[in-house]
Ligand code: NAD
């Protein structure tokens with residue numbers, strides 16, 4: 001059995017806390033490795049190395065820092081197959097999906113190569129007589145990030161690429177369920193020329209997270225994961241005086257108008273609802289057809305498609321649409337929620353409950369489920385299931401459909417399928433959700449825009465990647481300078497006003 005490590009100051013370091021977690025191959029249900037769970041002393045050791053390395057990294061000119069990121073991109077491309085294989089092995093997603101996970105992170109690294117431009121400050125010549133004023137963006141120091149299991153490559157890169165491009169040191173606490181790819185990323189970044197101590201990986205659970213939250217040297221915390229943990233980290237981190245941004249759970253609605261192309265809508269729901277076994281924060285988990293006729297036409301197209309989905313291990317290649325869910329506990333939670341859906345009166349039109357894969361009986365596979373006639377009061381509507389379960393809520397009017405998305409406590413993403421520009425525009429303008437798709441079911445913004453939801457899907461005020469990341473990972477300092485030739489004689493006792 002493999003014993004995974006931390007990655008501290010340029011070396012793989014064994015855990016010393018004596019606590020470990022099991023890492024599974026979700027397709028077989030076998031434990032394939034153990035991961036150490038750090039205590040506060042191990043976290044502190046990483047902070048000491050980060051502190052020692054950070055100042056000199058911050059003083060490297062931004063263009064030279066960007067060159068290290070360029071080389072990192074090359075190495076990510078070189079090792080794409082290896083990274084995808086390791087990712088699928090611990091997470092369960094298919095190889096094309098695992099490559100997508102790496103690529104959407106890599107794209108943020110590419111964006112951050114623009115750091116020299118993005119970090120340029122502002123300058124006002126002659127803000128007053130003989131006075132110039134300028135502002136600059138400076139690094140924060142030692143920063144940290146806590147990431148979820150579902151994108152073990154992409155989300156760490158969304159955080160550490162801008163943090164490091166801005167001159168910070170970064171400590172990553174990845175998910176304990178699939179920690180191998182984050183460790184590989186740290187090694188690759190150093191191979192690209194990153195100094196030791198600038199990117200470290202400290203594995204762990206709540207104890208390691210609490211050590212980050214209460215460490216007085218750590219300046220900022222980025223978190224992505226479920227909403228209850230996001231709320232805890234945001235409240236605790238802010239109370240500790242840190243800069244914190246937390247991204248939480250989701251329940252994304254897709255509205256299907258009567259004029260939508262039903263084949264396109266059904267295909268979109270298939271990929272967005274069941275891709276990655278529904279383990280995406282931008283997955284569509286609620287379909288809202290407008291009008292019973294639309295709902296009936298949609299169901300006619302959707303049911304056979306859902307029934308035909310191929311579920312299996314990533315090793316089966318293109319014969320598989322989605323793989324297992326991440327753990328036995330995740331599978332049990334999905335099955336429990338499906339049962340509440342039945343008990344509370346929803347109609348299970350595609351029943352994945354008895355799904356069984358020969359040779360993989362101990363794997364964490366969940367068959368595809370489709371519910372119709374779901375209502376707002378049901379648990380399967382209120383809670384994030386994070387599995388291959390799509391709920392259909394029939395709305396009678398566009399306003400009712402819009403109201404559903406507006407009233408839900410989550411506000412990460414949403415989509416509308418229609419041919420009518422007025423309706424699409426009205427939807428995009430009025431809905432209180434962060435990311436909107438118009439005939440696009442998973443509207444994940446590209447690296448040079450920002451990513452973030454609204455309502456209980458986010459805590460904090462800056463989004464991930466794009467220009468917001470450069471604001472989050474820097475502090476602004478503004479200098480007002482007057483040279484002796486501009487000085488007046490005598491003291492000034494009232495607040496200075498520029499003339
Ligand atoms: P999770 O909240 O269980 O874990 C996320 C991180 O928090 C992990 O590193 C974990 O070790 C740590 N953690 C877990 N319990 C903790 C505790 N009690 N105290 C402190 N830290 C703790 O989330 P997950 O299951 O890994 O990921 C799935 C969730 O992430 C879903 O809710 C999904 O919607 C969400 N997600 C959101 C986004 C987004 O951008 N909004 C993106 C991806 C995933």
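Every number in this text was worked out from the coordinates using simple rules, so none of it is lab data. Source: prediction; values computed, not measured. Neighbour counts are summed over all protein chains in view; Cβ atoms, including those assigned to glycine, are modelled from backbone coordinates with ideal geometry.
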Check: Hey, with R₀ at 51 Å, roughly what FRET efficiency would residue 342 and residue 103 work out to, going by the Cβ-Cβ distance, to 0.05?
Finding: 0.85
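Could you tell me the relative contact order of segment 234-309? Use alpha-carbon pairs under 8 Å, at least six residues apart, and round to a whole percent.
That works out to 35 percent.
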Check: Average projected area of the Cα convex hull of the chain, in nm²?
Finding: 26.9 nm²
Check: Between residue 396 and residue 239, how many nm apart are label points set 7 Å from Cα along the C-beta direction?
Finding: 4.7 nm
Check: D for segment 297-337, whole µm²/s, Stokes-Einstein with Kirkwood Rh over alpha-carbon pairs at 37 °C and 0.692 mPa s: what number?
Finding: 272 µm²/s
Check: log₁₀ I(q)/I(0) of segment 252-438 at q = 0.19 Å⁻¹, via Debye over equal Cα point scatterers, no solvent, to two decimals?
Finding: -1.29
Item checked: Pair residue 267, residue 379: separation of 7 Å Cα→Cβ label points (nm) -> 3.7 nm
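Rg to Rh for segment 94-223: what is it, with Cα atoms only and Rh by Kirkwood?
Result for segment 94-223 is an Rg/Rh of 1.08.
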Notebook entry, point to check: Can you tell me the Rg and the Dmax, both Å, for the Cα atoms in segment 392-484?
Noted result: 18.4, 74
Notebook entry, point to check: To the nearest Å, what is the center-to-center distance of segment 19-42 and segment 455-499, using C-alpha atoms only?
Noted result: 45 Å
Check: How large is log10 I(q)/I(0) at q = 0.21, 0.24, 0.29 Å⁻¹ when the Debye formula is applied to the Cα atoms of segment 447-499, each weighted equally and without solvent?
Finding: -0.84, -1.01, -1.20
Margin query: Limiting things to C-alpha atoms, what are the Rg and the maximum Cα-Cα separation (Dmax) for segment 149-293, in angstroms?
Written below: 19.2, 62
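Pull out the extension gain between residue 430 and residue 126, defined as 0.36 nm times the separation in residues minus the alpha carbon to alpha carbon distance; nm, one decimal. Spell out each step's value before the answer.
Numbers: separation 304, 0.36 × 304 = 109.44 nm, distance 4.37 nm.
Result: 105.1 nm gained on full extension.
Could you calculate the contour length gain from residue 296 to residue 357, that is, 0.36 nm times the residue separation minus the distance between their Cα atoms, to one decimal place in nm?
18.8 nm
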Check: How many nm is it between the label spots at residue 479 and residue 19, if each spot is 7 Å from the Cα in line with the beta carbon?
Finding: 4.6 nm
Notebook entry, point to check: Assuming R0 = 30 Å, what is the FRET efficiency of residue 329 and residue 85, from their Cβ-Cβ distance, to the nearest 0.05?
Noted result: 0.75
Next item on the list: With a 10 Å radius around each residue's Cβ, average the other Cβ atoms per peptide and rank 382-388, 29-35, highest first.
Entry: 382-388, 29-35
